[in-house]
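Below is one structure, written out as structure tokens, with a few remarks after it.
The values are calculated or read from the model by the stated rules, or taken from the named source; none is laboratory data. Given the structure is predicted, the values throughout are model-derived calculations rather than measurements. Note that we place each Cβ from the backbone using ideal geometry, even for glycine, and neighbour counts take in every protein chain shown. For accessibility, only protein heavy atoms count, side chains too; no ligands or nucleic acids. Shrake-Rupley method; radii C 1.70, N 1.55, O 1.52, S 1.80 Å.
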Amino acid sequence: MNKILRFSLMLIMALVSNFSFADTVNLIETDFTAGQGDWTIDNKTLPEGLSYVWKADKSYGMKASAYVSGKTYAAESWLISPVIDATNYTGLKLSFKHAINKFTSVDKAKEEATVWVKADGADWEKVEISYPTKLSWTFLDVKDIDLSKYDGKKLQVAFKYVSTAEKAGTWEVNNVVVSGEGAPLVDPNAKGQEANPYTVEELLAMDADNITVTDNVWVKGIIVGYLNSDNKQTVVKTDTEGNTNIAIAATAGETDASKVVPVQLPKGDIRTALNVADHQDYIGKEVMVKGNIQKYFSVIGVKNTSDYKAPTATNINTISIKANPDAPLYNLAGQRVSKSYKGVVIKNGKKVVVK
């Protein structure tokens, strides 16, 4: 392989490896055999003698017809999706399945069974779709209709059915999907984001037995040790044995297990970085962790911890007082200790190593 060709291939590989492909996400995905869901029906024309046009069918999806008891009616009815938020998506596409029958012809079905889309605050616009080549109950799988003109907008999709007093066809629709590429933007100030983490008090106010798991959110608190089950009693411990979790509280020195939140430390870098068995100096410091709020140790806790901010000293390190040689000593958990205590203590508002 000559040098120019080799260099070209290497350049292409480098460009590909650094290119970020957006994820394709289904912004709405509806199986009408399970019911109408949160789609709405707008009967523009519903003549006397006709109580509905669109109806959910467990076998076929949403079914539109203005033929009842041997009589046809002139009707117009729209099956309308909820608002689809595509604010942060591009490459929008529509897919669905449909069957047409009992119309005068396929060409007539193209006039009386149509699909419409509208951006939020705008007018409805007709979308060109494909139709079966003959009238039957056989579904046609319509894929990837281009809706890119609605990229970055909020939109709705509608299936419009029309009939006359002379002829009323039947239209069956199912498996409607609107997809796009991208990911939703997250408000940086939303609860659970780094700028607005959950507090211990907020977690303790939750009901552990009826909790809805909240994924990938930030929680902050002061490390007071770790939780351990002794004699079927969950207790807060500060020794150097436990390394699979940390217990965080609203205040330093908390020893009541009912007032702490356990944080799971998955095996690996996070456990190595945060466990109090190896980092006794973390006790009394504030930490932020990212994980799932859910039941843990039979109480509200944080599991599947995926990120953290290194523990930082609380305000106890910034207290300014006049030095007192006889001032009491406190360990890093905020507990008073005797003068014979060895290790890192707090005296006169400062950390001191007693040997």
Discussion item. So, restricting to strands (runs of 3 or more DSSP E) that lie completely within segment 123-226, which ones have at least 1 residues that are closer than 19 Å to Lys93 by Cα, in contact (Cβ under 8 Å) with a residue 60 or more places away in the chain and among the aliphatic types (A, V, I, L, M)?
Written reply: 154-163, 170-182
Worksheet entry | Residues located in segment 37-64, provided they are under 22 Å from Asp141 (Cβ atoms) and not in a loop (DSSP other than H, G, I, E, B) | Trp54, Ala56, Asp57, Gly61, Met62, Lys63, Ala64
Worksheet item: Mind checking whether some residue in segment 301-314 is at pLDDT below 95 and part of a loop (DSSP other than H, G, I, E, B)?
Response: yes
Fill in: Positions within segment 65-94 being among the polar types (S, T, N, Q), part of a loop (DSSP other than H, G, I, E, B) and in contact (Cβ under 8 Å) with a residue 24 or more places away in the chain, in sequence order
Ser81, Thr87, Asn88
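Okay, residues lined up against (1) open to solvent by 60 Å² or more (accessible area, probe 1.4 Å); (2) at pLDDT 95 or above:
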position: Pro132; (1), (2): no, yes
position: Leu147; (1), (2): no, yes
position: Asn174; (1), (2): no, yes
position: Pro184; (1), (2): yes, no
position: Asn189; (1), (2): yes, no
position: Gln193; (1), (2): no, no
position: Val200; (1), (2): no, yes
position: Asp209; (1), (2): yes, no
position: Tyr226; (1), (2): no, yes
Practice prompt. Of the numbered conditions (1) open to solvent by 30 Å² or more (accessible area, probe 1.4 Å); (2) closer than 16 Å to Val299 by Cβ, Asn243 fails exactly one; give the number of that condition.
Written response: (2)
Discussion item. Tell me whether segment 15-34 contains one or more residues that are closer than 30 Å to Leu92 by Cα, open to solvent by 80 Å² or more (accessible area, probe 1.4 Å) and modelled with pLDDT of 90 or more.
Written reply: yes
Practice prompt. Only one of these is small (Gly, Ala, Ser), surrounded by 13 or more Cβ atoms within 10 Å (Cβ to Cβ), modelled with pLDDT of 85 or more and touching a helix residue (DSSP H, G or I) at 6+ places or on another chain (Cβ under 8 Å): Gly334, Gly291, Gly253, Gly284. Name it.
Written response: Gly284
Worksheet item: Condition test on Ser81, is it open to solvent by less than 70 Å² (accessible area, probe 1.4 Å), polar (S, T, N, Q) and either modelled with pLDDT of 95 or more or within 30 Å of Asp187 (Cα to Cα) (or both)?
Response: yes
